[in-house]
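Worksheet: one structure, shown below.
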Amino acid sequence: MAKRLVVVGGVAGGASAAAKAKRVNPNLQVDVFEKGGYVSYGACGLPYYIGGTVEKKEKLIIRTPKQFEGQGINVHLKSEVKGIDVDKGEISVLHSPEGKKEVYPFDSLVIATGAVPVKPSIPGVGLKGVYTLRHFSHGVDIRNDLEAGEVKKVVILGGGFIGCEVAEAFRNWELEVFMVKESQKVLRDFDDVVSRVAKEVLEGHGVTILTGCHVDSLIGRDRVEAVVVDGERLKADLVVISKGIRPNVELAVQAGIALGPHGGIATNERVETNIPGIFAAGDCAETLHFLTGEPYYKPLGTTANKLGRVAGTNAAGGDAVFKGVLGTTVIRIFQTGLAKTGFTEAELEGRGIPYETSTIVARDRAHYYPGGGRFTVKLNWERETGKLLGGSMVGPGPSVLRIDALAVALYSGLTVEDLARQDFAYSPPFSPVWDPLLVAANRALRD
């Protein structure tokens with residue numbers, strides 16, 4: 001009898017695990033249980049669907065249940081796993097809307113339950129017109145609200161990735177947009193050189209940013225009508241809560257699966273939990289930081305897919321390892337790109353790692369070539385050895401994809417001196433003769 005792999009959750013981590021497991025072991029029976037109505041979609045594209053850059057929601061669907069079935073994978077939509085019995089090797093599932101309960105055995109298990117949005121504990125968060133942006137249906141509902149034509153003023157609570165991206169999306173609709181933050185920084189996980197530019201760009205495109213503010217409540221009769229900020233009423237036709245996420249680990253905890261220091265499911269290099277044969281992938285799981293080997297939580301789509309592939313390989317009887325992440329991140333706000341990899345200054349200080357830092361401003365193309373602009377590079381490196389520890393970039397649109405070259409340098413253990421020796425390509429439409437990364441490395445050597 002064929003062995004069965006059960007995958008709890010779809011989207012990035014779960015869908016990748018199921019597909020990879022079936023390729024590794026075609027004889028494996030694979031069942032995916034997804035609570036929602038879609039098993040595989042581009043969650044990172046939701047802000048662009050809201051803003052109209054992506055016209056049809058169907059474009060965000062990556063794979064359908066029928067496509068998975070063509071690979072021999074059974075997909076169960078609207079099927080919520082309510083419990084995991086580790087001793088018996090079983091899961092209990094509630095199928096909706098019929099309310100049918102069933103038990104399914106498993107030989108190996110991948111938990112890919114994702115994360116849940118953090119909501120402030122204030123009155124009014126349950127009003128109509130108050131959204132988070134975590135699932136496919138959330139993006140569809142927001143877009144439907146905008147198309148109804150009644151929304152004129154939007155308030156965004158928070159200024160992280162989602163907050164910045166939906167701010168641009170709402171400005172595409174020519175709406176009045178307010179961003180309310182308790183801290184002083186936009187994109188607080190970045191170095192200050194990036195955060196400052198993000199705030200300037202948003203404000204330059206008509207987004208009003210209120211920092212150092214406390215939200216008291218959301219008010220309205222049935223639908224949200226206003227946000228009360230430090231006792232002052234701020235009118236709102238629609239509110240997006242973008243206060244971050246936390247790992248969805250309730251099932252894991254009930255099953256006795258260990259958590260890590262960041263509240264996610266603890267995993268090793270094989271993406272395996274403390275219980276043999278049970279793996280975790282995606283936003284519910286912690287991984288390792290490549291530079292230090294410490295437990296690390298960075299919920300990104302790229303990381304979820306990679307963890308899923310490793311989990312699927314090992315759950316199917318293969319042998320794969322995941323060496324960790326650098327937290328490489330990129331975002332576009334209007335036409336400005338912002339990126340980071342490795343440790344920021346704050347992260348280095350928090351770990352007590354002695355470091356040096358240097359920042360340069362160059363151009364992303366030859367000075368005479370039209371369409372270029374100012375390009376900022378910040379490098380952080382180990383004081384004693386010169387080993388690269390992190391960096392940030394700000395510049396015109398796609399030019400910040402140079403962050404990938406810096407990520408490779410970090411993975412390779414290069415020093416600042418090594419970076420200065422690299423043979424980067426040159427052509428006026430793409431770079432000055434001295435690429436900004438080379439300029440930054442040479443400045444670091446002088447500093």
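Being surrounded by fewer than 17 Cβ atoms within 10 Å (Cβ to Cβ), modelled with pLDDT under 95 and either in the same structural domain as Lys306 (by TED's automatic domain parsing) or under 30 Å from Ser242 (Cα atoms) (or both): is that true of Ser40 here? Steps first, answer last, please.
Values: surrounded by fewer than 17 Cβ atoms within 10 Å (Cβ to Cβ): no; modelled with pLDDT under 95: yes; either in the same structural domain as Lys306 (by TED's automatic domain parsing) or under 30 Å from Ser242 (Cα atoms) (or both): yes.
No; evaluated as a whole, the condition is false for this residue.
I'd like the full set of residues that are surrounded by 18 or more Cβ atoms within 10 Å (Cβ to Cβ), of a type outside the set (Lys, Arg) and assigned to a loop (DSSP other than H, G, I, E, B), limited to segment 176-196.
Correct list: Val186, Leu187, Phe190, Asp191.
Which one of these does Thr53 not meet: (1) buried (at least 16 other Cβ atoms within 10 Å of the Cβ); (2) in contact (Cβ under 8 Å) with a residue 24 or more places away in the chain; (3) outside any strand (DSSP E or B)?
(1)
Hey, does segment 314-322 have a residue that's over 16 Å from the mean Cα position of the chain (by Cα) and within 24 Å of Arg134 (Cα to Cα)?
Quick first cut of segment 314-322, residues over 16 Å from the mean Cα position of the chain (by Cα) only: 314-322.
If we keep only those that are within 24 Å of Arg134 (Cα to Cα) too, we end up with none.
No, segment 314-322 has no match at all.
Identify all residues within segment 66-75 that are in a strand (DSSP E or B) and either surrounded by 21 or more Cβ atoms within 10 Å (Cβ to Cβ) or out of contact with any strand residue (DSSP E or B) (no Cβ under 6 Å at 6 or more places or on another chain) (or both); write none if there are none. Quick ask: steps written out before the conclusion?
Step one: list which residues in segment 66-75 are in a strand (DSSP E or B), which gives 73-75.
Residues satisfying the conditions are Ile73, Val75.
Going by what's in this entry, would Asp283 be described as assigned to a loop (DSSP other than H, G, I, E, B), at pLDDT 95 or above and either in contact with a Pro (Cβ under 7 Å, 6 or more places away or on another chain) or buried (at least 16 other Cβ atoms within 10 Å of the Cβ) (or both)? Can you show your working first?
Values: assigned to a loop (DSSP other than H, G, I, E, B): yes; at pLDDT 95 or above: yes; either in contact with a Pro (Cβ under 7 Å, 6 or more places away or on another chain) or buried (at least 16 other Cβ atoms within 10 Å of the Cβ) (or both): yes.
It is true that Asp283 is assigned to a loop (DSSP other than H, G, I, E, B), at pLDDT 95 or above and either in contact with a Pro (Cβ under 7 Å, 6 or more places away or on another chain) or buried (at least 16 other Cβ atoms within 10 Å of the Cβ) (or both).
When segment 88-102 is examined, which residues are found to be under 21 Å from Gly256 (Cβ atoms) and of a type in the set (Lys, Arg)?
Once the filter is applied, which keeps residues that are under 21 Å from Gly256 (Cβ atoms) and of a type in the set (Lys, Arg), segment 88-102 yields only Lys88.
Between a residue in segment 430-444 that is under 21 Å from Glu356 (Cβ atoms) and any residue that is in a helix (DSSP H, G or I), which pairs come within a Cβ distance under 6 Å, given they are 6 or more apart or on different chains?
These pairs meet every condition: Leu437/Arg402; Ala441/Val416; Ala441/Leu419; Ala441/Ala420; Asn442/Ala420; Ala444/Val416.
Spot the failing condition for Thr376; the list is (1) surrounded by fewer than 22 Cβ atoms within 10 Å (Cβ to Cβ); (2) closer than 24 Å to Ala266 by Cβ, and only one is missed.
Looking at each condition in turn, Thr376 falls short on (2).
Could you check segment 288-323 and list, in sequence order, the residues that are under 22 Å from Gly244 (Cβ atoms) and assigned to a loop (DSSP other than H, G, I, E, B)?
Matches in segment 288-323: Glu294, Tyr297, Lys298, Pro299, Leu300.
Taking Val11, is it buried (at least 24 other Cβ atoms within 10 Å of the Cβ) and under 28 Å from Ile331 (Cα atoms)? Outline the logic, then answer.
On the way: buried (at least 24 other Cβ atoms within 10 Å of the Cβ): yes; under 28 Å from Ile331 (Cα atoms): yes.
Here the answer is yes, as Val11 does meet what is asked.
Of all residues in segment 332-346 being within 15 Å of the chain's Cα centre (by Cα) and charged (D, E, K, R), which is surrounded by the fewest Cβ atoms within 10 Å (Cβ to Cβ)?
Going residue by residue through segment 332-346, those that are within 15 Å of the chain's Cα centre (by Cα) are 332, 338-341.
Among the residues that remain, those that are also charged (D, E, K, R) are: 332, 340.
On the way: Arg332: 18, Lys340: 29.
Going through the qualifying residues, I end up with Arg332.
Could you check segment 387-423 and list, in sequence order, the residues that are closer than 27 Å to Leu288 by Cα, without any contact (Cβ under 8 Å) to a residue 40 or more places away in the chain and not in a helix (DSSP H, G or I)?
Lys387, Ser412, Gly413, Leu414, Thr415, listed by residue number.
Taking Gln71, is it among the polar types (S, T, N, Q) and either assigned by TED's automatic domain parsing to the domain that holds Asp141 or in contact (Cβ under 8 Å) with a residue 40 or more places away in the chain (or both)?
On the way: among the polar types (S, T, N, Q): yes; either assigned by TED's automatic domain parsing to the domain that holds Asp141 or in contact (Cβ under 8 Å) with a residue 40 or more places away in the chain (or both): yes.
Answer is yes for this residue.
Here is a list of conditions, (1) surrounded by 14 or more Cβ atoms within 10 Å (Cβ to Cβ); (2) more than 29 Å from the chain's Cα centre (by Cα), and Thr385 meets all of them except one; can you say which number that is?
Failing condition for Thr385: (1).
Within segment 296-312, is even one residue more than 21 Å from Phe161 (Cα to Cα) and surrounded by fewer than 20 Cβ atoms within 10 Å (Cβ to Cβ)? Steps first, answer last, please.
Here is the first cut: in segment 296-312, the ones more than 21 Å from Phe161 (Cα to Cα) are 307-312.
Add one more test, that the residue is surrounded by fewer than 20 Cβ atoms within 10 Å (Cβ to Cβ), and what stays is none.
Checked segment 296-312: no residue is more than 21 Å from Phe161 (Cα to Cα) and surrounded by fewer than 20 Cβ atoms within 10 Å (Cβ to Cβ).
Would you tally the residues in segment 377-386 being of a type in the set (Val, Ile, Thr) and either in a helix (DSSP H, G or I) or in contact with a helix residue (DSSP H, G or I) (Cβ under 6 Å, 6 or more places away or on another chain) (or both)?
Taking segment 377-386 first, the residues of a type in the set (Val, Ile, Thr) are 377, 385.
Of the ones still in play, those that are also either in a helix (DSSP H, G or I) or in contact with a helix residue (DSSP H, G or I) (Cβ under 6 Å, 6 or more places away or on another chain) (or both) are 377.
Qualifying residue count, segment 377-386: 1.
The values are calculated or read from the model by the stated rules, or taken from the named source; none is laboratory data. Source: prediction; values computed, not measured. Cβ coordinates were reconstructed from backbone atoms using ideal geometry, including for glycine residues, and neighbour counts include every protein chain displayed.
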